Amino acid sequence: LDWVISSYIPTLSMLLESYSRRASSREPRLLAVCHSGNSERGRLPLAKKEVDVLRRYAGTENVSVIMDNAARVNTVCDALRGSDWVHFACHGTQSITNPMDSALVLDDGSLPVSRLAEQEGGEFAMLLACETALGVPGLSDEAIHVAAGLHFAGFRSVIATMWTMCDEHGPIVAEKVYEHLFRERHDGRLPDASESAYALRLALLFLRDEKKLHVHDWAPFVHFGV
């Protein structure tokens, strides 16, 4: 972390596909999906703060928000098709027995990898949900998890988690990542999703060095793509 900027790629074909796509020359269409949990899976009281962070940096009028009871599977899938950047603040699960059932948990059920991979991809996705890059033991060369599903759908850059994350750390990661990506917005420059790996590194250094968190708390956040 002190010397390199790390990024991972599920397959070489996805890497080639990512490089072949050109970054957008217009303002990205931004989508934030937030589900604050429930009594069954546990509440995520700080998830909404992640959305507030994105709206503060990108501009409230530039972010489409799907919140809590409105965050239903079909509604989110429809919204994904027209979005360039997407932020998920919700629960996530990794299925060990059937990796294609790994999913983001929404109000009316789960949005699995199998459906995410069918979407038309954008540029950047931030998955501040648990286990979105966990994968399955024994399939290290065939990574199947939520982050890989979005990458397969065409998203060039994805930030995800390798294990359970603390609710209170989500807004901090969002703050540091979006602060960097939108840092030149006042000069009229467009945010560049290709800098998201560097932005995540800044967030991890902050959690490690400033917040003095244990490695278990800052290490789960990883970047996929370019």
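The values are calculated or read from the model by the stated rules, or taken from the named source; none is laboratory data. Keep in mind that this is a model prediction, so the values were computed, not measured. Please note: Cβ atoms are built from the backbone with ideal geometry, for glycine as well, and neighbour counts cover all protein chains shown. Ligands, DNA and RNA are excluded from the accessible area calculation, which covers all protein heavy atoms including side chains. Shrake-Rupley method; radii C 1.70, N 1.55, O 1.52, S 1.80 Å.
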Sorted list, accessible surface of protein heavy atoms, 1.4 Å probe, largest first, for Thr93, Thr75, Thr132 is Thr75, Thr93, Thr132
If you restrict to DSSP beta bridges whose two residues both lie in the chain, what percentage is antiparallel, to the nearest 5?
40 percent
How much space per residue, in cubic angstrom, does the convex hull of the C-alpha atoms of the range 47-188 take up?
107 Å³
Estimated D of the range 170-226 in µm² per second, where Rh is the Kirkwood radius over Cα pairs and Stokes-Einstein applies at 25 °C, 0.890 mPa s:
206 µm²/s
Taking N as the number of residues in the range 142-185, what value does Rg over Cα atoms divided by 2.2 N^0.38 Å take?
1.40
Per DSSP, the loop-located GluC sites (Glu not before Pro) within the range 124-197 having at most 13 other beta carbons within 10 Å are Glu142, Glu184
The Cα extents of the range 112-188 along the principal axes, largest first and rounded to whole Å, are 46, 30, 20
Order Phe152, Phe224, most accessible first, counting only protein heavy atoms with a 1.4 angstrom probe.
Phe152, Phe224
Residue order for Tyr198, Tyr178 - accessible surface, 1.4 angstrom probe, largest first:
Tyr198, Tyr178
Please work out the C-alpha center-to-center distance from the range 207-226 to the range 100-134 and express it in whole Å.
21 Å
extent check for the range 66-108: Cα max minus min per principal axis, descending, whole Å, gives 31, 22, 17
Could you sort out which of Lys48/Lys211; Lys48/Lys176; Lys48/Lys212 sit more than 19 Å apart by Cα distance in this structure?
Lys48/Lys211; Lys48/Lys212
